[in-house]
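Accompanying notes for the structure given below.
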């Protein structure tokens, strides 16, 4: 299931097994217009308390995140934005781990991806990347999509010509700079996949040069192992 769906299920479970689960609350949860507001409030409260316990448990991980954040050469705005999105993901994961039971959650932007929110994206930071992946909470499985840097640059330029849009980190870069930036980013992803696999995480490695159909079948096979009742993807 998606992280948003999982959060709602976790919030319902939190209501049911805490002192908040009085008959009035259960009755209000049955009213659609009130249900969403109540669940959003419970998620916000739950994320705050769960994050405090997460921070105590993963102190070393948050220390390397802070160290990497300080090293970043991006603007203050971009650094703050990256840290904000990193913390949002951490809070959501902490909440789900505390309140969701025996259900698989699929993250598009998990902690493995949020390395790019706090880590400098250039060469020379491989040791920091290794420490990030060695100390982060271990996921059950990881889907790692690898690619040729030249192919990525071509696709970025094609999207720019078609839509006029670039992500902030790509703006103002010439082709040579973009290629170096892409190679370094791909290298960080490979370091992450290797570190997590060595720690016991199942890693499914895919290549962007494969057809979407081939990669989709491989992903579906992996997901069916962890969420057999969720149907095909």
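Only the coordinates and a few stated rules stand behind these numbers; no lab work does. As the structure is a computational prediction, the values presented were derived from the model and not from experiment. Cβ: placed from backbone, ideal geometry, glycine included. Neighbour counts: every protein chain shown.
Write down, largest first, the equivalent ellipsoid semi-axes of segment 139-233 in whole Å, where each equals the square root of 5 times an eigenvalue of the alpha-carbon gyration tensor. Show your work: numbers first, answer last.
Details: eigenvalues 171, 61, 23 Å².
After scaling each eigenvalue by five and taking roots: 29, 17, 11 Å.
Counting 0.36 nm for each residue step from residue 77 to residue 53 and taking away their Cα separation leaves a gain of 5.8 nm. In whole Å, how far is the Cα centre of segment 162-193 from that of segment 44-120? Centre-to-centre distance over Cα atoms comes out at 22 Å.
Put simply, when 112-119, 219-226, 44-51, 208-215 are sorted by average Cβ atoms within 10 angstrom per residue, most first, you get 112-119, 44-51, 219-226, 208-215. Sorting 135-141, 57-63 by their mean Cβ neighbour count within 10 Å, with the most densely packed peptide first, gives 135-141, 57-63.
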